[in-house]
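The values are calculated or read from the model by the stated rules, or taken from the named source; none is laboratory data. As the structure is a computational prediction, the values presented were derived from the model and not from experiment. Note: ideal-geometry Cβ built from the backbone for every residue, glycine included; neighbour counts use all protein chains shown. Each accessible area value is taken on the protein alone, full model and side chains, heavy atoms only, with ligands, DNA and RNA left out. Shrake-Rupley method; radii C 1.70, N 1.55, O 1.52, S 1.80 Å.
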Amino acid sequence: MEVYENIPENFLEEVVSDSALGFPSSSYCAGFELKAWRCNELADHFIEWLADYALKEDELAVSHGNMYVRLREAAARVYKSENYKKRGEIGEIALHAICREFFDTIPITPRVFYLTSSNEVVKSFDSVHVRYPDSFPEIWLGEAKFYEDRNAGLKDAIASVRKHIDQGFLKNEKLILGPQISKNIPHYEKIRSLFSSNTSLDKLFQSAVFPICITSNSDVTGSAEVIDPPYRDAIKLELEALSQSLAKSGLGSSIRLALFYVPLGCKKSLAKAFDDRLKGLNP
């Protein structure tokens, strides 16, 4: 898995973090330049993560001879997906980047799709990563929302996670995800066993973390000019409100959670800036 050792240069800054409510919660900001929120720079950074997010392990063997082709392949997968019509991929890339950069996770399966009993296409987890602390490997099954209203985003994220951890729903996801796990992943046999149809969901829950990433407009980021103590205090209040809502949901009683908040100066501006760059990579 050497290809995952190389990641884009650090860009997002951790503004505040807390774990007072029983789960880690953190906020990551693009920062400011010349007294303006760094919208275009954040769009550039998400493009830098595009290949790592959209391509499989064996496709990430990039050289000077194929780097443009690989980047176009990654862009095509994002641009042609149904979710991109709602710009949801931006939230997913934010989640992917935070997990990879700040928590040293590794992607273990490509993004997957499958059909429900009503033949509707349903997306699986927004990210499926693994992390290697000192103990047993942790499976990180993430949910991401890219909304103007952060509270609405969290509400929908909570509803999505509830569906994921439903017994029948998650059992189906295990059957889809398991065979796609790379055999090159460290501790492959242990990880693969967690996705076996014969393994209790309880064991998966014991080894899993469910990160929720909310990328949304902030009440203060659009008018701020610098990451200073007053700004950190204001973002802390927004993060605390989200954390309290997540705690009240009761999800933490059955699964391990993590909450990531990416405050934006303007969601629409970021969506347009990212879209402009993505279009430039498509025919």
Top-ranked residue of the range 137-156 - restricted to ones that are among the small types (Gly, Ala, Ser) and surrounded by 18 or more Cβ atoms within 10 Å (Cβ to Cβ), ranked as farthest from the chain's Cα centre (by Cα): 153
Selection within the range 176-204 - in contact with a strand residue (DSSP E or B) (Cβ under 9 Å, 6 or more places away or on another chain) and open to solvent by 40 Å² or more (accessible area, probe 1.4 Å): 176, 180, 186, 187
Matching helices (runs of 4 or more DSSP H) fully within the range 1-79 where at least 1 residues are in contact with a strand residue (DSSP E or B) (Cβ under 8 Å, 6 or more places away or on another chain): 39-48, 50-54
Close pairs (7 angstrom Cβ cut-off, 6 or more residues apart or separate chains): under 30 Å from residue 252 (Cα atoms) in the range 1-19, open to solvent by 80 Å² or more (accessible area, probe 1.4 Å) and not in a loop (DSSP other than H, G, I, E, B) anywhere: 16/236
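From the list 136, 169, which one is modelled with pLDDT under 90, among the hydrophobic types (A, V, I, L, M, F, W, C) and assigned to a helix (DSSP H, G or I)?
169
Residue-wise test of (1) assigned to a strand (DSSP E or B); (2) open to solvent by 50 Å² or more (accessible area, probe 1.4 Å); (3) touching a Gly at 6+ places or on another chain (Cβ under 7 Å); (4) over 21 Å from residue 130 (Cβ atoms).
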site: 216; (1), (2), (3), (4): yes, no, yes, yes
site: 231; (1), (2), (3), (4): no, no, no, yes
site: 241; (1), (2), (3), (4): no, no, no, yes
site: 260; (1), (2), (3), (4): yes, no, no, no
site: 272; (1), (2), (3), (4): no, yes, no, yes
